[in-house]
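A short write-up of the structure that comes next.
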Amino acid sequence: MNPELFSLKTGNTAEFQRRLLEKSLAMRAQAYQSQIKAKLLTQAIMQIENSKKNLQSLNDTLANEITARKQVEEKIRYMAGHDNLTGLPNHTLFKDRLETAQNTAIRNKRKLAIMFIDLDGFKAVNDTFGHKAGDLLLQEIAQRLEVTVRKADTVARVGGDEFIVLLNGIECSRDAELVAQKILLSLGQPICLTDNTAKVGASIGISIFPDHGDNTEKLITYADDAMYGIKKSGKNAYAFHVAAC
């Protein structure tokens, strides 16, 4: 016991009791303060942990939003360059690839072939079996064209029943002629639709880079014109662009 309290206990009982009470109250106050500090510390730690969780949740949300936004942007870019029905490149993407291929062909001293393809008999399929059957036919044609050419080549859909093929790195026009023959043979095979079987042909016009020039639009136009020449002369065949005299 505190010597001072002991002397008070033996001499002045009232003073001893007062001092003892003060000591007790001080100890209780100190204990209470310790409890309050511990409680406040616990609350602070909980708030920090909650803040961490909220921050992590916010980071996860932001990450998900960024990922979703990138996916949307990628889908928009894909849709801007591809045909919705067949998944093939469209006219815009085809032109970009043709321009790139021209530069590569110049460096490698190679040629390119542009093949404009228009289906013969597609309208009859649409009119007879309906648009859904027509869509199935176009999808099947797209697959057959992709199988017929190399992976390095490009098949694009540029109109209702119009396709265009880019043959990369050929040595001569004979290479394009052989591919045109393969395409005619492939597209001429019967096509199974949902409840029917259809058969179509193709008219193919061909231009060669650099033999027929180096202007992207003109090369496509030359192939298109050659294709229309086949349409007028009997269809289901191919022809090369012939330069005007």
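The values are calculated or read from the model by the stated rules, or taken from the named source; none is laboratory data. All of these numbers come straight from a predicted model, not from anything done at the bench. Methodologically, a virtual Cβ is constructed for each residue, glycine included, from the backbone with ideal geometry; neighbour enumeration extends over all protein chains shown.
For ASP195, the criteria (1) part of a strand (DSSP E or B); (2) exposed (fewer than 14 other Cβ atoms within 10 Å of the Cβ) hold in every case but one, which is (1). Checking THR216, THR221, THR197 one by one, the residue that is within 19 Å of PRO89 (Cβ to Cβ), free of Cβ contacts under 8 Å to residues at least 40 places away in the same chain, in the same structural domain as LYS132 (by TED's automatic domain parsing) and out of contact with any His (no Cβ under 8 Å at 6 or more places or on another chain) is THR221 and no other.
When the test is whether a residue is closer than 30 Å to ASP135 by Cβ, basic (Lys, Arg) and either in a helix (DSSP H, G or I) or touching a residue at least 24 places away in the same chain (Cβ under 8 Å) (or both), ARG97 passes it.
Within the set VAL149, VAL165, the sole residue that is closer than 23 Å to LYS95 by Cβ, buried (at least 17 other Cβ atoms within 10 Å of the Cβ) and touching an Asp or Glu at 6+ places or on another chain (Cβ under 9 Å) turns out to be VAL165. Inside region 102-151, residues that are farther than 15 Å from VAL179 by Cβ and assigned to a helix (DSSP H, G or I) make up a count of 28. Identify, please: which residue in region 220-245 is in contact with a Gly (Cβ under 6 Å, 6 or more places away or on another chain) and buried (at least 21 other Cβ atoms within 10 Å of the Cβ) and is, among those, nearest to LEU136 (Cα to Cα)? Of everything passing the filter in region 220-245, MET227 is nearest to LEU136 (Cα to Cα).
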